[in-house]
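The values are calculated or read from the model by the stated rules, or taken from the named source; none is laboratory data. Here the structure is a predicted model, which is why all the values come from computation and not from measurement. With ideal geometry, Cβ positions are generated from the backbone for all residues, glycine too; neighbour counts draw on all protein chains shown.
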Amino acid sequence: MTPRDGQLDESPVRMSLALGRVDGDKDLLQELVHTFQEDLSERVAALTAAIRRGDDQETFHAAHSLRGPLGILCAEKALALAEELETLGRAGRLGGAAAVGEAFEREMTKVAAFLSSFDWKSL
């Protein structure tokens with residue numbers, strides 16, 4: 001979080017940082033966001049289902065597949081939760097994954113809403 005006008009930036013996605021990750025190419029960033037949004041709900045649902053089934057390998061793979069786009073978009077909280085789920089899946093320790101998965105789902109709801117309503121002219 002960074003100070004901006006005396007307040008902390010609590011956006012689930014840090015678009016100005018994400019723009020820097022694609023060398024300032026706004027069109028590329030917009031394309032990446034749209035591609036990410038296309039199957040986002042299915043990918044999150046697959047991760048949630050894997051956690052509920054206790055499938056450590058699928059949890060690992062589903063979480064890992066979300067890390068790249070979340071990293072590019074600077075969705076820091078969602079990225080940290082995906083990394084935690086990936087680690088739990090890799091270790092085969094899904095005992096505490098349900099709570100982490102629920103937090104991840106809540107954060108991804110915020111990310112999806114942010115991306116859907118983002119004003120590209122503001123960037």
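Structure notes:
- A count restricted to the range 76-94 and to residues that are of a type outside the set (A, V, I, L, M) and either touching a strand residue (DSSP E or B) at 6+ places or on another chain (Cβ under 7 Å) or not in a helix (DSSP H, G or I) (or both) stands at 2.
- The residues of the range 95-117 include none that are at pLDDT 95 or above and not in a helix (DSSP H, G or I).
- Failed criterion for residue 96 (all others in (1) buried (at least 20 other Cβ atoms within 10 Å of the Cβ); (2) without any contact (Cβ under 8 Å) to a residue 12 or more places away in the chain hold): (1)
- Subset of the range 42-82 that is under 12 Å from the mean Cα position of the chain (by Cα) and of a type in the set (D, E, K, R) - its residue that is surrounded by the most Cβ atoms within 10 Å (Cβ to Cβ): 77
- Cβ-Cβ distances below 8 Å connect the following pairs, each with a first residue in the range 27-44 that is touching a residue at least 24 places away in the same chain (Cβ under 8 Å) and of a type in the set (S, T, N, Q), a second residue that is assigned to a helix (DSSP H, G or I) and surrounded by fewer than 12 Cβ atoms within 10 Å (Cβ to Cβ), and a separation of six or more residues or different chains: 30/120; 37/116.
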